[in-house]
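First the structure, in the form of structure tokens, and then the observations on it.
The values are calculated or read from the model by the stated rules, or taken from the named source; none is laboratory data. No experiment lies behind these values; they were computed from the predicted model shown. Here the Cβ positions follow ideal geometry from the backbone for every residue, glycine too, while neighbour counts run over all protein chains shown. In case anyone asks, the SASA skips ligands and DNA or RNA and just uses the protein heavy atoms, side chains included. Shrake-Rupley method; radii C 1.70, N 1.55, O 1.52, S 1.80 Å.
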Amino acid sequence: MGSKKKRNKNKKKERIEYIQWTTRGEVTSIEVSFDPATGKVTSPQADKHTMRSEISYERDSGKNKVLASVPAINGASVFDAWEQLVSQATHIIAVDTNSRDVNGRKISVTFACRTAKMLPPAPEYSVAFVPLCCYVIFDVTDGVNPERIGWHLTLKNHINIEKLGDGQSLGIIVDSELGKLQDLNKRAAGYYQDILLPEKSFMTYASDAAMENPASVMIKYCHDSANKVFDRMINDFMNIEIPNNGNSDYRGHVRVKINVMPPSRNR
């Protein structure tokens, strides 16, 4: 396991970039290999499902706040979380869901965006992305995470994994369920109810508090866009005829049409 620190004068908190993993059972020694040509780190003792690149900072309490976490799908990781992501994904989407109490009714808005074109293997840090979809979700059952409903509506209705060619894959940026993404990515648990992630796809975590990371820029765009939908439509929500197209987790959902806009680009 290794780490390095990255200072940014424009940030109040010092970012720490590191590679983390858990060994496969108890070990008496750990071997680590570093390839200077690619920057990749590997270890024969590592459980490949636990290896990941992360960015965090130390809170005033002394605990780390994780800003990004990208799994090493192929068992090799690099320190740069964005480089780790684009080295494994040719297409990326980001999905965020915001919830509010509107006159005693729980309403959630899911907004998703996608990269505008297939990504090159080199980690370009200026990435164009466009809106993908938006849903309003009504009356989510207590104890159910509306983020997962939003993930499912997006993947089910707007992603066709079968169209991905050989060597292509989809990275899904989310900002929820960080501690459970490992099980979701190894298909040990369903990302929604008992539905497993499609093959050729994986989930990665990004907080909207690390704007130097393009993944965080995309998730913040979704977060801000969902809030704009709330602000513009909040007076209409109580008059919408809610369809009964939900399930035991929620009453129903309505898709909100998005005007096609020029690609957004992180700075």
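Comparison of V144, V136, V130, V140 shows that the only residue that is more than 19 Å from V217 (Cβ to Cβ) and in a strand (DSSP E or B) is V136. Open to solvent by 70 Å² or more (accessible area, probe 1.4 Å), within 21 Å of A210 (Cα to Cα), modelled with pLDDT under 95 and part of a strand (DSSP E or B), is that true of K65? No.
Please specify each residue of segment 196-247 satisfying the condition of being farther than 30 Å from G165 by Cβ and among the hydroxyl-bearing types (S, T, Y). Matches in segment 196-247: S207 only.
When the residues of segment 243-255 are filtered to those that are outside any loop (DSSP other than H, G, I, E, B) and open to solvent by 50 Å² or more (accessible area, probe 1.4 Å), the one that is farthest from D175 (Cα to Cα) is N247. Out of I159, I173, one residue alone is at pLDDT 95 or above and touching a Ser or Thr at 6+ places or on another chain (Cβ under 7 Å). It is I173. For segment 161-169, the condition holds for no residue, the condition being that it is within 16 Å of the chain's Cα centre (by Cα) and within 18 Å of D96 (Cα to Cα). Check whether at least one residue in segment 148-162 is of a type in the set (S, T, Y), part of a strand (DSSP E or B), surrounded by 14 or more Cβ atoms within 10 Å (Cβ to Cβ) and touching a strand residue (DSSP E or B) at 6+ places or on another chain (Cβ under 6 Å), and report yes or no. The answer is no, given that none of the residues of segment 148-162 is of a type in the set (S, T, Y), part of a strand (DSSP E or B), surrounded by 14 or more Cβ atoms within 10 Å (Cβ to Cβ) and touching a strand residue (DSSP E or B) at 6+ places or on another chain (Cβ under 6 Å). Screening segment 95-137 for residues that are open to solvent by 30 Å² or more (accessible area, probe 1.4 Å) and hydroxyl-bearing (S, T, Y) and picking the one that is farthest from Q168 (Cα to Cα) gives S99.
Quick grid of which residues meet (1) crowded, with 17+ Cβ neighbours inside 10 Å; (2) assigned to a strand (DSSP E or B); (3) at pLDDT 90 or above:
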{"position": "E212", "(1), (2), (3)": "yes, no, no"}
{"position": "A215", "(1), (2), (3)": "yes, no, yes"}
{"position": "I219", "(1), (2), (3)": "yes, no, yes"}
{"position": "D231", "(1), (2), (3)": "no, no, yes"}
{"position": "E241", "(1), (2), (3)": "no, no, no"}
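Number of residues in segment 166-183 that are in a helix (DSSP H, G or I) and open to solvent by less than 50 Å² (accessible area, probe 1.4 Å): the value is 1.
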